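Novice: After the structure tokens below, expect a handful of questions from me.
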Amino acid sequence: MKKIARLFLAPLFGLILFAACKQKPSAEAITAFNSVTPVPVSATLDGGTFFLSDGTSIGISPVNDDTRNVAGLLQDLLRPATGFEFALEPGNKDAGILLELKEDAAQGDEGYSLTVSEDQIRITANKAAGIFYGIQTLRQLLPASIESKSKQDVRWEIATGQITDKPGYGWRGSMLDVARHFFTIEDVKRYIDLIAMYKMNIFHLHLTDDQGWRIEIKSWPNLALHGGSTEVGGAKAGFFTQEQYKDIIAYAQKRYITVIPEIDMPGHINSALASYGELNGGTIVPEEGRVKIVQENPILGKEKNKPTELYTGTEVGWSTLRLEKESSIRFINDVMRELAEITPGPYLHFGGDEAHVTKKSDYIGFVKLFSDIAKANKKILVGWEEIGQGEIDENAIAQHWANVKYAQMAAEKGAKIIMSPSTRVYIDMQYDSLSRIGLHWAAYIEADHAYNWDPATQVEGIDPEQILGVETPLWSETITDMEDIEYLLFPRVTAVAEIGWSPAAARNWENYRTRIAEHGVRWKKLGIDYYPSKKIDWKE
């Protein structure tokens, strides 16, 4: 009997000993686990701790280009601050960190599962994009010092637990205007990294406007050489060669971000009119009440087929292509054909907004032309909500920004809708009247105002099934460098990212502001010049 008792008690004693030895996570590790942004679908702590060490390796399964890519990105993230090697061990499912692709239709293309036990971190996903997003969550579970670019004397602790996650919307984007002010390739790549960190998957690049043409078009070379020579305020500017543009796309693709190029037409087009006189239809007579400027504005030029002057101001709505000109049709076809050839993603953005001096009948004709050109180049037409006035169908995407009527018209014609309401997510707007840069024609947009809205109910009468997702534009009238970009992006871009990713039932301002308060330290480590909103109690 005593022998039986000893046999029974031995494993029980072992369990008690194991429990006693199990190291509880620190308060900081628990806080990090509870501060993941965007908020996950589900997250459960289980009371243990995992430590990164010099011997932690990264296993991948299966071994292919996708798993090697995400493993390389994880190594690049972890090595600088830890000083550890994180050797790649293809096929080793017992590695300290395992990145594993496993068929699971429930996760879709971007969902993931992250399990942290005391001896392994495992990220599994149906597709490589899901592993990438799991890595973005993992970086938030680590101490903020992981973002440092030099070795830190830190205990690399992660609380154990399980996170299961996938996005609510497939379109989670941010737009950068490089036309009004030009930004370098290095700036653009940093922008991509910043939005990828919060699981955004769309980078909308506004390449042309009245003030500048920023992409090389080989069949119309003067567009970039002359039209890209200046910017708002009159400083010298520049443009991207096609090779540089392809480099940006490749960089984004490795981070599972789709680049959407925008050529804004038929308005916002003066940089092209200044580059090629044959596109200029002469002085436009604005319809009364539709634009602020006067008819005599010299920029437009009084003579047909003469180049206009380059423009360095910020007024909108006064320039246009002419539908009756053969050169306009040839120009649009050539530009979009070349752009389609170097853009692997499925979308081309044709602009279409604020065409105030374009005749209504001409505008409708342009939209039909845009649609035909997109289909001819095997691309999907994207345009601002005004395209809802034209002949579009279920193959088009309209981007809502201001006019509910136009968005509703587009939806009634079967188009999909991107939600970018200017009063909520135009993050070129000032936070308040004391913000050092930004505009306020749409609204003052504080962090809570950027967060407290729902894409599904933003525009009455639009079927939620037609809503692709959200996008936050950053127009560049008042910004000139990366510090300006970051000041306007953060923290508001994280609010929009959460709206795009997290289920509506899980989104709560008080919870969000508590979580994002922990991220300020992380942003400082990354050198992000964020706006310290008074709506958030930032942690030091």
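The values are calculated or read from the model by the stated rules, or taken from the named source; none is laboratory data. What you see is a predicted model; the values in this text were computed from it and never measured. No Cβ is skipped: glycine too gets one built from the backbone with ideal geometry, and neighbour counts run over all protein chains shown. The area values use the complete protein model at the heavy-atom level, side chains included, leaving out ligands, DNA and RNA. Shrake-Rupley method; radii C 1.70, N 1.55, O 1.52, S 1.80 Å.
Novice: Cβ contacts < 7 Å: first residue at pLDDT 95 or above, restricted to segment 338-354; second residue of a type in the set (Ser, Thr, Tyr) and open to solvent by 10 Å² or more (accessible area, probe 1.4 Å), any location; separation 6+ or different chain. Result?
Specialist: Here the result reads GLU338/SER219; GLY345/THR258, each pair linking segment 338-354 to a residue that is of a type in the set (Ser, Thr, Tyr) and open to solvent by 10 Å² or more (accessible area, probe 1.4 Å).
Novice: Can you tell me which residue within segment 254-274, out of those that are within 20 Å of LEU474 (Cα to Cα) and either in a loop (DSSP other than H, G, I, E, B) or of a type in the set (Val, Ile, Thr) (or both), is most open to solvent (accessible area, probe 1.4 Å)?
Specialist: THR258
Novice: While we're here: Of the numbered conditions (1) more than 24 Å from ARG515 (Cα to Cα); (2) touching a Ser or Thr at 6+ places or on another chain (Cβ under 6 Å), SER113 satisfies every one except a single condition; which is it?
Specialist: Tallying (1) more than 24 Å from ARG515 (Cα to Cα); (2) touching a Ser or Thr at 6+ places or on another chain (Cβ under 6 Å), SER113 fails exactly one: (1).
Novice: For segment 468-480, enumerate the residues that are hydrophobic (A, V, I, L, M, F, W, C) and open to solvent by less than 10 Å² (accessible area, probe 1.4 Å). Talk me through it step by step, then tell me what you get.
Specialist: Looking only at segment 468-480, we keep the residues that are hydrophobic (A, V, I, L, M, F, W, C), and these are 468, 470, 474-475, 479.
Listed by number, the residues that qualify are VAL470, LEU474, ILE479.
Novice: Here's a follow-up. Return the residues of segment 195-253 that are surrounded by fewer than 23 Cβ atoms within 10 Å (Cβ to Cβ), among the β-branched types (Val, Ile, Thr) and not in a loop (DSSP other than H, G, I, E, B); say none if nothing qualifies.
Specialist: THR230, ILE248, ILE249
Novice: Of the residues that make up segment 102-110, is at least one outside any strand (DSSP E or B) and touching a Pro at 6+ places or on another chain (Cβ under 7 Å)? Step through it out loud before you land on a result.
Specialist: As a first pass, look at segment 102-110 and keep what is outside any strand (DSSP E or B): 102-110.
When the remaining residues are screened for being touching a Pro at 6+ places or on another chain (Cβ under 7 Å), the result is 110.
Yes, segment 102-110 has at least one match.
Novice: Same structure, new question: Go through segment 362-413 and give me each residue that's under 23 Å from SER174 (Cβ atoms), open to solvent by 20 Å² or more (accessible area, probe 1.4 Å) and free of Cβ contacts under 8 Å to residues at least 24 places away in the same chain.
Specialist: ASN403, TYR406 - these are the residues of segment 362-413 that are under 23 Å from SER174 (Cβ atoms), open to solvent by 20 Å² or more (accessible area, probe 1.4 Å) and free of Cβ contacts under 8 Å to residues at least 24 places away in the same chain.
Residues checked against (1) open to solvent by less than 60 Å² (accessible area, probe 1.4 Å); (2) on the phi > 0 side of the Ramachandran plot; (3) in a strand (DSSP E or B):
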site: ALA32; (1), (2), (3): yes, no, no
site: SER35; (1), (2), (3): yes, no, no
site: PRO38; (1), (2), (3): yes, no, no
site: SER53; (1), (2), (3): yes, no, no
site: LEU74; (1), (2), (3): yes, no, no
site: LEU78; (1), (2), (3): yes, no, no
site: GLU85; (1), (2), (3): no, no, no
site: GLU89; (1), (2), (3): no, no, yes
site: LEU98; (1), (2), (3): yes, no, yes
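Novice: Now, a different point. Six or more apart or on different chains, Cβ under 9 Å: which pairs go from a residue in segment 242-256 that's closer than 15 Å to ALA129 by Cα to one that's open to solvent by 50 Å² or more (accessible area, probe 1.4 Å) and at pLDDT 95 or above? Could you list them?
Specialist: TYR251/ASP193; GLN253/PRO344; ARG255/ASP193; TYR256/LYS127
Novice: Output the residues belonging to segment 488-540 that are outside any helix (DSSP H, G or I) and free of Cβ contacts under 8 Å to residues at least 24 places away in the same chain.
Specialist: Of segment 488-540, the ones outside any helix (DSSP H, G or I) are 490-491, 502-503, 507-508, 518, 526-540.
Within segment 488-540, ASN508, GLY527, PRO532, LYS534, TRP538, LYS539, GLU540 qualify.
Novice: Okay, moving on. Scanning segment 433-452 for residues that are open to solvent by 50 Å² or more (accessible area, probe 1.4 Å) and assigned to a loop (DSSP other than H, G, I, E, B), which turns out nearest to ILE499 (Cα to Cα)?
Specialist: Result: ASN452.
Novice: Does ALA398 satisfy the condition of being part of a helix (DSSP H, G or I), among the aliphatic types (A, V, I, L, M) and under 30 Å from PRO455 (Cβ atoms)?
Specialist: For ALA398, the condition - part of a helix (DSSP H, G or I), among the aliphatic types (A, V, I, L, M) and under 30 Å from PRO455 (Cβ atoms) - is not met.
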